[in-house]
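*Asks:* Sharing a structure with you now.
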Amino acid sequence: MTAPSQHARSDKALVSLTSVGLTPLVPVNPTAPLDLGNAAARVSGAANKKELEAALAQRLARLEVLQDALFADGRHAVLLVLQGRDASGKDGVIKTVCGAFNPTGVRVTAFGPPTPLELRHDFLWRVHQAVPPRGQVGVFNRSHYEDVLAVRVRRLAPETIWRARYAHINAFEELLHANGVVICKCFLHVSQDEQHERLTERLDDPHKNWKFRAEDIEDRARWPEYTEAYHEALTRCSTAAAPWYVVPSDSKTVRNLLIADVLMRAMEALPLQYPTMPDAVREAARDFR
């Protein structure tokens with residue numbers, strides 16, 4: 001068997017994040033202070049856009065190779081969870097970073113308000129059905145965390161209901177991890193000023209008007225409440241089985257590069273192997289030759 005880490009690598013050495021002025025993301029530490037202020041949404045000292053895009057291109061090429069090995073190996077799945085405020089760039093990450101994958105091996109699920117049928121089940125029922133099978137990559141555009149974020153801030157359920165969900169989420173993600181699902185959860189952290197600029201662009205561009213919702217204004221007015229809700233969700237649900245990463249997202253290129261790097265490192269840590277050809281098939285192939 002051939003390990004993917006030794007298969008189809010580029011002869012060109014991977015550009016490190018530190019060489020382009022970035023620090024690799026580390027999981028949220030539940031016991032350490034977590035800064036979700038506006039300044040934390042930006043990165044200072046990053047290289048120019050051309051250098052960042054070159055580093056990103058290398059990681060996207062690597063993700064393509066790793067996905068091929070993931071599919072062939074068939075023992076693991078990868079789940080990328082994207083959470084963030086309106087206009088934080090979830091769709092952009094899916095288009096750019098997840099665009100490196102073969103579409104036949106990727107499933108993107110966007111979670112909106114639950115349907116009447118979904119409301120008749122537990123809050124994780126619809127989520128479990130969207131978890132990728134082994135050999136594939138799944139992407140959640142928003143996720144089960146809406147049930148401790150929007151539900152909390154908009155007071156859609158009593159506190160006794162949503163507060164119990166932290167433990168339910170951790171148990172659910174532990175179950176997935178125990179069954180071969182690698183979970184990478186990314187909070188796309190955008191500042192108030194940058195969000196205002198992006199929302200204004202949606203208003204000014206006729207091709208982006210459709211993205212603007214009245215709820216965007218309402219949620220922006222609840223900025224402090226959402227900050228508090230995100231802080232508790234990130235610290236209470238960042239575990240060894242399913243870590244949270246806070247991704248500075250005021251720069252789209254920096255955001256994409258950092259998430260691609262998280263995915264690449266998570267997939268490279270898997271013991272992926274290409275299966276060997278069965279003896280019967282090898283014998284038939286000998287006659288074919």
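The values are calculated or read from the model by the stated rules, or taken from the named source; none is laboratory data. Because the structure is predicted, anything quoted here is derived from the model rather than measured. So basically every Cβ, Gly included, is an ideal-geometry build from the backbone, and we count neighbours across all protein chains shown. Keep in mind that these areas ignore ligands, DNA and RNA; they rest on the heavy atoms of the full protein, side chains included. Shrake-Rupley method; radii C 1.70, N 1.55, O 1.52, S 1.80 Å.
*Asks:* With θ set to phi - 60°, apply the Karplus curve 6.51 cos²θ - 1.76 cosθ + 1.60 along the stretch 160-166 and write out the HN-Hα couplings as whole Hz, x wherever there is a Gly or Pro.
*Replies:* Along the stretch 160-166, the couplings run 4, 7, 6, 5, 5, 6, 4 Hz.
*Asks:* Can I ask one more? Given H placed 1.01 Å from N in the peptide plane, which residues other than close sequence neighbours of residue 81 have an amide H under 5 Å from its amide H?
*Replies:* For residue 81, whose amide H was placed from the backbone, the distant partners under 5 Å are 140, 184, 185, 186.
*Asks:* Further question: I need the fraction of alpha carbon pairs in the stretch 54-111 separated by more than 14 Å, rounded to a whole percent. Present the calculation step by step, with values, prior to reporting the outcome.
*Replies:* On the way: 983 of 1653 pairs.
So the pairs more than 14 Å apart make up 59 percent of the total in the stretch 54-111.
*Asks:* Once you have all Cα-Cα distances for the stretch 86-139, histogram them in 10 Å bins from zero and send the whole-percent values.
*Replies:* 20, 41, 33, 6
*Asks:* From Cα pairs below 8 angstrom and at least 6 apart in sequence, can you work out the relative contact order of the chain, rounded to a whole percent? Spell out each step's value before the answer.
*Replies:* Values: 409 pairs, mean separation 96.9, N = 289.
Relative contact order comes out at 34 percent.
*Asks:* Also: Based on DSSP, what percent of beta bridges with both residues in the chain are antiparallel, to the nearest 5?
*Replies:* Numbers: 0 of 23 bridges.
So the antiparallel bridges in the chain amount to around 0 percent.
*Asks:* Continuing with this model, one more query. Once you list every other residue whose beta carbon is under 14 Å from the beta carbon of residue 281, what net charge do they have if Lys and Arg are +1 and Asp and Glu are -1? List each step's numbers first, then the result.
*Replies:* Details: positive: 282, 286, 289; negative: 279, 283, 287.
Net charge in that neighbourhood comes out at 0.
*Asks:* So, counting K/R as plus one and D/E as minus one, what does the shell of residues with Cβ under 9 Å around residue 220 add up to? Spell out each step's value before the answer.
*Replies:* Values: positive: 85, 222; negative: 86, 216, 218, 219.
Cβ neighbours under 9 Å give a net charge of -2.
*Asks:* With every protein chain kept in place and ligands, DNA and RNA left out, what is the accessible area per residue of the stretch 6-99? Probe 1.4 Å, answer in Å².
*Replies:* Values: 4810 Å² over 94 residues.
For the stretch 6-99, the solvent-accessible area averages 51 Å² per residue.
*Asks:* Run a plain Debye calculation on the stretch 29-71 (Cα atoms as equal point scatterers, no solvent) and give log10 I(q)/I(0) at q = 0.15 Å⁻¹, rounded to two decimals, same order as the q list.
*Replies:* Treating every Cα as an identical point scatterer, log10 I(q)/I(0) equals -0.70.
*Asks:* Calculate I(q)/I(0) for the stretch 51-200 by the Debye formula, one identical point scatterer on each C-alpha and no solvent, and give its log10 at q = 0.16, 0.19 Å⁻¹ to two decimals.
*Replies:* Calculated log10 I(q)/I(0) at the listed q: -0.99, -1.26.
*Asks:* For the stretch 107-186, divide the Cα radius of gyration by the Kirkwood radius and give the resulting Rg/Rh value with two decimals.
*Replies:* Working: Rg = 12.9 Å, Rh = 13.5 Å.
Looking at the stretch 107-186, the ratio lands at 0.96.
*Asks:* A further question on this structure: Any idea what log10 I(q)/I(0) is at q = 0.14, 0.22, 0.26 Å⁻¹ for the stretch 154-242, Debye with uniform C-alpha scatterers and no solvent?
*Replies:* Result of the Debye calculation: -0.72, -1.09, -1.26.
*Asks:* Taking the highest mean first, how do the peptides 152-159, 81-88 order by number of other beta carbon atoms within 10 angstrom per residue?
*Replies:* Details: 152-159: 14.4, 81-88: 23.2.
The packing order, highest mean first, is 81-88, 152-159.
*Asks:* Any idea what angle helix 49-73 forms with the longest principal axis of the chain, computed on alpha-carbon atoms, 0 to 90 degrees, nearest 10?
*Replies:* 60 degrees
*Asks:* Remind me, what semi-axes does the stretch 204-289 give for its equivalent ellipsoid, largest first in whole Å, using sqrt of 5 times each Cα gyration tensor eigenvalue?
*Replies:* Working: eigenvalues 432, 95, 32 Å².
Values for the stretch 204-289, descending: 46, 22, 13 Å.
*Asks:* Evaluate the charge dipole of the stretch 65-203 about its Cα centre and quote only its size in Debye, nearest 20, assuming +1 on the Cβ of each Lys and Arg and -1 on the Cβ of each Asp and Glu.
*Replies:* Here the stretch 65-203 has a charge dipole of around 280 debye.
*Asks:* As an exercise, use a Förster radius of 30 Å and the Cβ-Cβ distance of residue 128 and residue 163 to find the FRET efficiency, rounded to the nearest 0.05. Could the numbers behind the result be given before it?
*Replies:* On the way: r = 21 Å, r/R0 = 0.70.
According to the calculation, E is roughly 0.90.
*Asks:* Of all the C-alpha pairs in the chain, what % are more than 30 Å from each other? Present the calculation step by step, with values, prior to reporting the outcome.
*Replies:* On the way: 14323 of 41616 pairs.
Of all Cα-Cα pairs in the chain, 34 percent lie more than 30 Å apart.
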